[in-house]
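I have placed the structure first, in the form of structure tokens, so that the comments after it can refer back to it.
What follows is calculated from the coordinates using simple rules that are stated; it is not laboratory data. Keep in mind that what you see is a predicted model, and the values were worked out from it rather than measured. Cβ: placed from backbone, ideal geometry, glycine included. Neighbour counts: every protein chain shown.
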Amino acid sequence: MTNSPLKRTMTRRGVLGGAVAVMAAAGGGTAWALDRFVIEHAEVSAASSQWATASGTPQATLNAATASGTTVSVTQHTSGSGSNLVTYYVAELGLGQGTDLRAAFAKDTFGENIIQYTSAMAQANGARWAINGDYYGFRDTGIVIRNGVAFRDKGARGGLLMQRDGTLRLYDETATNATQLVADGAWQTLSFGPGIVNGGKAVSGIDDVEVDTNVGNHSIQGTQPRTGIGMVSANRLVAVVADGRAAGYSRGVTMTEFAAIFVGLGAQVAYNLDGGGSSVMYYEGALVNNPLGKGSERGTSDILYVG
């Protein structure tokens, strides 16, 4: 494995849509498919006002406070060679407090099929660093709590819970509810998965797990580009974006290989987020990684970031 200084270069091309655009062209029950997977359905506009109301602090002030309380270090790593080459990026985050890791929605709106580039969301929120989130807007299930506010309460899968005290843990969405989680100090919940590290060890059987088998969001098995986040200790987090599907640059990683990266970083808990063309890390005004080896982003519904 080698580490190299981060090169802050970025190219932008392509159009928003990605996988959801494929849905529109799939034929069959087009009216239903377009409504469910393509047409925007806004449920909460100006979502950041919800967060400001909940905290009693304007959004700009919250972001300024975050900027003064965190440290961010980003490094590039490679392993293997030739067709087996893997390129991935590690962000080590030192939070002043758990609430320094914030979330934002595409177009500042909560709802289904509302998408924006990760970089655009980051810039709109004054982020110093960001990764794509769980693409909650592609599904209508899961518990969605962002910045301490509950937006959806439809438990369906294994989720990731981040508390206000800066700790992360895996949890069963179907065994609780959003109201109780917020009352107990939930700051962020993520609903994708699976959980890949628990108790400092890789979770067994993760290469056989499927998360959502609906059309357009099939198996997460195999060698893929991936995004994930984990906790080394309270307020000390690590995030990894592994590029893939790019011959000669990065083949991507299996879920077990992804878990091994986090274990090697000392993570006690780690969770897989949306991957494929959605996998993006942004830092200091530019893309860090090279999505699909093409340098272009795919629209997604949400980010995690620090100011």
Quiz item: Given the Cα-Cα distance of SER45 and ALA286 and 0.36 nm per residue of separation, how much length would full extension add, in nm?
Solution: 84.1 nm
Quiz item: Put a dot 7 Å past each Cα toward the Cβ at ALA31 and ASP140; how far apart are the dots in nm?
Solution: 1.6
Quiz item: Using a simple charge model, +1 on the beta-carbon of Lys and Arg, -1 on the beta-carbon of Asp and Glu, nothing else, what dipole does region 78-229 show about its Cα centre, in debye to the nearest 20?
Solution: 300
Exercise. Starting from the Cα of GLN97, step 7 Å along the direction of its Cβ; do the same at ASP184; then give the gap between the two resulting points in nm.
Key: 2.2
Quiz prompt | Whichever aspartates and glutamates have a C-alpha closer than 17 Å to that of LYS294, once near sequence neighbours (fewer than 8 apart) are set aside | solution = ASP243
Quiz prompt | When region 162-213 is reduced to its Cα atoms, the Kirkwood hydrodynamic radius in Å | solution = 12.6
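How large is the direction-averaged shadow of the alpha-carbon convex hull of region 169-307, in nm²?
The Cα convex hull of region 169-307, projected and averaged over all directions, gives 9.5 nm².
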Quiz item: Tell me, in nm to one decimal, what length is gained between ARG164 and ASN84 on full extension, where the rule is 0.36 nm per residue of separation less the Cα-Cα distance?
Solution: 24.8 nm
Quiz item: Hey, what do the phi angles of region 191-201 turn into as Karplus ³J(HN,Hα) couplings, whole Hz, using 6.51/-1.76/1.60 and θ = phi - 60°, x for Gly and Pro?
Solution: 10, 8, x, x, x, 10, 9, 8, x, x, 10
